[in-house]
Amino acid sequence: MITKMIVTDWRAMKVYQIRLLMLPLLAIAIGWFSPWAMIPICVFASHNFSLNPFAVEDKGALNNLYLTFPIKRQDIVNGRYIFSLIMLVCGIVMGVILMPLANALSKILLKSAWYAGFNGTIAIIAASFLLYTIFNLFTFPILFKFGYTKGKVWGIYLPAIFFGLLFAVYFTVISLPGNELLQLKLISYASENIIMVSGGLTLISIVLLLVSYLLSLRLYSKRDF
Amino acid sequence: MNNAIKISNLKKEYKNFLLDSISFSVPSGYVCGFIGENGAGKTTTLKLMLNMVIKDGGDVEILGRSHNDISIKEDLGVLFDQPYFQEDWTALDVEKTMGLFYKKWNSKVYHMHLEKFDLNPKQKFKTLSQGMKMKLGLAVTLSHDAKLLLLDEPTSGLDPVMRDEMLDILRDYMIEENRSVFFSTHITSDLEKIADYIIYIHKGKIVYSGLKDELTEKYCLIRGGNGDIPQIKRKQILGLREHLGGFEGMIDVSDVGGFPSSVILETASLDDIMVHMNKKGLEI
């Protein structure tokens, strides 16, 4: 059933499918100067892409269509979450592939290069997963409760602005005099303590994702269409 | 007699509307018209039946099973006044989706209907006229061997020719045994042609549930000149309207005695019954 839901959601967002091809370009345009930023940017962009089924549901009354089918409301929620997790994996893979490209661009244009190594990359992936689950917790339950039209301000725009600001603040902090090595130190620490840092981040992420899922399930089961 | 639909004490409360513990049943094999003015609760009832809206109380049984049993939707053909298809979908896209969810989806029947309704399988939904959109919706509802069609205002927004065509399609559908249609509308002239059974809802309450003929035979229109209404009869006339030339209204046929022979009695249509009941606000 989950596959059917994902396939139908995918077909419903026919007009938005092309955006998927634009995600790598967008990621490079935003984070070309910092190879390590590729994964979180790609994960963030992919998560945003997974919100498209919500964007089309109001216009084409997708929820109403689903509720005429012999399926449970839970199937609809499951489909959206699994699609979002697939997009998370796509984002991670895309980020890992784009890292060397960003590194090369950074080398040419900024005369600086940086490579995280295997352990460092795992730490970045774990941190990106945490960012994904926090963003997911902000967006999915609200969109399941109110739909895209009513929920987009609280469920998409505000979290996006918040994370954008967070991103900007982080870059400002690591760019301040004296903090040049901060990022490297963080990655080195995470690399050396891979189980504690990456494992801990992953565990927190799983808990947050579970909370988000259960909340969405509860809110969607009570929603009137 | 088996019931296609059995609703008991169904309740839903909104800020400005109450569906007030309604109960009715629709026997299998009937075309049932669900009538009532705009805002009476027709769509809410249909959505409650489909679990699109969560009930505050009561029970719904469809084809002998609780509406919470999702498998009943295999046997339902659902069509609202605007089919729920994505604007960029073509009839072929619609088929791909429906085929995923209905075990009894019949592609041959679907394409036969597309041809019969003159629908281009590659034309996008958003470019279809309202009538064509409804036909596409009907093609879907008729292509998975549904035992019960739940239609919400399917003829609203259609011209008379298209409406007549739609009714023909429903007549064809009813040829097979054990099929039922539950048809909400405020265009009661459509029901005069096709319905056997009527559920009448008014301000969230069921005011009539039974055979159409029993309802239309129960009332007649009455017209007369000034002074033709005996004082004692005045209260029996529903929706009484008096004017310079005389009066008009509707009356229960069992109450027609006692009027002077000059009054004119005429058969009441469903439209007349709805209009006069609304004016009077009484239960039938």
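Things to note:
- Cα long-axis angle, helix A:2-12 against chain A (0 to 90 degrees, to the nearest 10): 90
- Max mean-square fluctuation residue, GNM over chain A, Cα-Cα springs under 10 Å, options A:Ile161, A:Ile82, A:Ile39: A:Ile161
- The stretch B:186-254 and the stretch B:64-106 have Cα centres lying 39 Å from one another.
- Between A and B, accessible area buried - total, square angstrom, nearest 100, 1.4 angstrom probe: 2400
- By the compact-protein rule of thumb, 2.2 N^0.38 Å, the alpha-carbon radius of gyration of the protein assembly as shown corresponds to a ratio of 1.30.
- Interchain or long-range residues, amide H under 5 Å from B:Gly29's placed H: B:Arg179, B:Ser180
- Ellipticity at 222 nm from helices only: DSSP H runs of n ≥ 4 in the protein assembly as shown, each -39500 (n - 2.57), divided by the residue count, give -16000 deg cm²/dmol.
- Pairs of Cα atoms in the stretch B:97-162 fall into 5 Å distance bins, from 0 up to the last occupied one, in shares of 4, 16, 26, 25, 20, 8, 1 percent.
- Selection among B:Val78, A:Leu23, B:Met98 by position relative to the dipole of the protein assembly as shown gives A:Leu23 as farthest towards the positive end (Cβ unit charges, Cα centre).
- With 21 Å as the limit, the listed pairs B:Lys96/B:Lys124; A:Lys14/A:Lys145; A:Lys59/B:Lys126; B:Lys6/B:Lys96 have A:Lys14/A:Lys145; B:Lys6/B:Lys96 beyond it between alpha carbons.
- The HN-Hα couplings worked out from phi for the stretch B:8-13 by the Karplus form 6.51 cos²θ - 1.76 cosθ + 1.60 (θ = phi - 60°) are 10, 6, 6, 10, 8, 10 Hz, whole numbers, x standing for Gly and Pro.
- Within-12-Å neighbourhood charge of B:Ile54 [Cβ basis; K, R +1; D, E -1]: +4
- Considering only A:Ser191, A:Ser112, A:Ser50, the Gaussian network model of chain A with Cα springs below 10 Å gives its largest mean-square fluctuation to A:Ser112.
- Fraction of the pair-distance distribution of chain B above 37 Å, Cα-Cα pairs, percent: 21
- With 19 Å as the limit on Cα-Cα distance, the pairs of A:Lys4/A:Lys152; A:Lys4/B:Lys133; A:Lys4/B:Lys103; B:Lys212/B:Lys235 that go past it are A:Lys4/A:Lys152; A:Lys4/B:Lys133; B:Lys212/B:Lys235.
- The alpha carbon centroids of the stretch B:155-181 and the stretch A:118-166 are separated by 48 Å.
- Within straight-line cross-link reach of B:Lys122, aspartates and glutamates at Cα separation under 17 Å, skipping those fewer than 8 residues along the same chain: B:Glu87, B:Asp88, B:Asp93, B:Glu95
- Checking every one of the chymotrypsin sites (Phe, Trp or Tyr not before Pro) in the stretch A:4-65 against DSSP loop status and a limit of 14 other Cβ atoms within 10 Å picks out A:Phe33.
- Across peptide B:76-88, the mean count of Cβ atoms from other chains lying within 10 Å of each residue's own Cβ comes to 5.
- Computed from backbone phi with θ = phi - 60° and the Karplus coefficients 6.51, -1.76 and 1.60, the 3J(HN,Hα) list for the stretch B:98-110 is 4, x, 6, 9, 9, 4, 9, 4, 10, 4, 4, 4, 4 Hz; x is used for glycine and proline.
- For the protein assembly as shown, with all protein chains in place and a probe radius of 1.4 Å, 61% of the accessible heavy-atom surface sits on carbon or sulfur.
- Probe 1.4 Å, protein heavy atoms only - accessible area per residue of the stretch B:17-166 in square angstrom: 36
- Three principal axis lengths of the stretch A:25-173 [C-alpha, angstrom, descending]: 58, 26, 23
- Average beta-carbon neighbours from other chains, 10 Å sphere, peptide B:42-50: 1
- Fluctuation leader among B:Ser209, B:Ser261, B:Ser129 - chain B, Gaussian network, Cα springs under 10 angstrom: B:Ser261
The values are calculated or read from the model by the stated rules, or taken from the named source; none is laboratory data. Remember, predicted model here, so these are calculated numbers, not experimental data. Note that each Cβ is placed from the backbone with ideal geometry, even for glycine, and that neighbours are counted across all protein chains shown. Keep in mind that these areas ignore ligands, DNA and RNA; they rest on the heavy atoms of the full protein, side chains included. Shrake-Rupley method; radii C 1.70, N 1.55, O 1.52, S 1.80 Å.
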